[in-house]
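See below for the structure under consideration.
The values are calculated or read from the model by the stated rules, or taken from the named source; none is laboratory data. Here the structure is a predicted model, which means the values were calculated and not measured. Counting neighbours? That spans all protein chains shown, and the Cβs are built from the backbone with ideal geometry, glycine included.
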Amino acid sequence: MDFKTGTILSFDKPLTWTSFGLVSRIRYLLCRHLGEKKLKVGHAGTLDPLATGVLLVCTGKATKQIDTLQGQTKEYVATLQLGSTTPSFDLETPVDNTYPTAHITREMAEEILQRFLGRIEQIPPSFSACKVNGKRAYDLARRGQDVELKPKTLVIDEIELTDFNSETMQMTIRVTCSKGTYIRALARDIGQALGSGAHLTALRRTRIGEYRAEQCHTPESFEAWLGTLPKETKQ
């Protein structure tokens, strides 16, 4: 495997790690492995710190494929807490409002989800990497500033309810979608469509194109794998 010339590596990003932090760790391991001070490394498709799952890391000339990789279909499994919202639409920020949930049933949830199939308009979260006047929206939002973002068009290819708990009012969904989809924003919109509120309590990206989570390295397994490469195969 020629890391200098370029290759695509798939990782299962750990919980609380930033995408940048994972890339930095892989760059360090590769530079140490290759005996190099520098190596071009980038990632395709950012994951929030509170999300886990598939993150593609490109080295060398393979970084030129990042835009193509980011455009591939993605699959997620998300858990939503119904009846409450947070400013970030996930657990990064505390609950700011609560809403009734007694009227929500599994059948209602399944029916509502079908409204999100196909081409839809979605307003990205204020806590996102979208730029507003040259500044990241999340930087403005974390400083308490109001952030207005324009709706974006995206495509939901598949969405299904895989679990519904009427006691805890939590639901789990599987979503296959296009580039630019914010599952946190989808949770917000599903909560509103249910006549309530919702925020994410867990998010896992299970696939990008043909790259699946079960085939990915962890940072630890990748370091161990590098150590097993015969000396003559090191690039």
> Which one of these is in a loop (DSSP other than H, G, I, E, B) and touching a residue at least 24 places away in the same chain (Cβ under 8 Å): Ile104, Ile112?
Replying inline: Ile104
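If only one of Thr86, Thr93, Thr98 is without any contact (Cβ under 8 Å) to a residue 60 or more places away in the chain, over 26 Å from Thr218 (Cβ atoms) and among the β-branched types (Val, Ile, Thr), which one is it?
Values: Thr86 fails: without any contact (Cβ under 8 Å) to a residue 60 or more places away in the chain; Thr98 fails: without any contact (Cβ under 8 Å) to a residue 60 or more places away in the chain.
Of Thr86, Thr93, Thr98, the one residue that is without any contact (Cβ under 8 Å) to a residue 60 or more places away in the chain, over 26 Å from Thr218 (Cβ atoms) and among the β-branched types (Val, Ile, Thr) is Thr93.
When you go through Thr172, Thr181, Thr168, Thr201 one by one, which is the residue that is under 19 Å from Pro49 (Cβ atoms) and at pLDDT 95 or above? Step through it out loud before you land on a result.
Numbers: Thr172 fails: under 19 Å from Pro49 (Cβ atoms); Thr181 fails: at pLDDT 95 or above; Thr168 fails: under 19 Å from Pro49 (Cβ atoms).
So the residue among Thr172, Thr181, Thr168, Thr201 that is under 19 Å from Pro49 (Cβ atoms) and at pLDDT 95 or above is Thr201.
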>> When you check Leu56 against the structure, is it buried (at least 16 other Cβ atoms within 10 Å of the Cβ), assigned by TED's automatic domain parsing to the domain that holds Gln215, touching a residue at least 12 places away in the same chain (Cβ under 8 Å) and in a loop (DSSP other than H, G, I, E, B), yes or no?
In response: no
>> Need the failing condition index for Tyr28 against (1) assigned to a helix (DSSP H, G or I); (2) surrounded by 14 or more Cβ atoms within 10 Å (Cβ to Cβ), just the number.
In response: (2)
> So is Thr63 more than 16 Å from the chain's Cα centre (by Cα), modelled with pLDDT of 95 or more, hydroxyl-bearing (Ser, Thr, Tyr) and buried (at least 21 other Cβ atoms within 10 Å of the Cβ) or not?
Replying inline: no
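So that you can scan it fast, the table gives a plain yes or no per residue for (1) among the aliphatic types (A, V, I, L, M); (2) at pLDDT 95 or above:
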{"position": "Ala141", "(1), (2)": "yes, no"}
{"position": "Leu161", "(1), (2)": "yes, yes"}
{"position": "Ser196", "(1), (2)": "no, yes"}
{"position": "Arg207", "(1), (2)": "no, yes"}
{"position": "Glu210", "(1), (2)": "no, yes"}
{"position": "Thr228", "(1), (2)": "no, no"}
{"position": "Glu232", "(1), (2)": "no, no"}
> Of all residues in the range 82-98, how many are surrounded by 13 or more Cβ atoms within 10 Å (Cβ to Cβ) and out of contact with any Leu (no Cβ under 8 Å at 6 or more places or on another chain)?
Replying inline: 8
> Within the range 115-125, which residues are in contact with a helix residue (DSSP H, G or I) (Cβ under 6 Å, 6 or more places away or on another chain) and assigned to a strand (DSSP E or B)?
Replying inline: Gln122
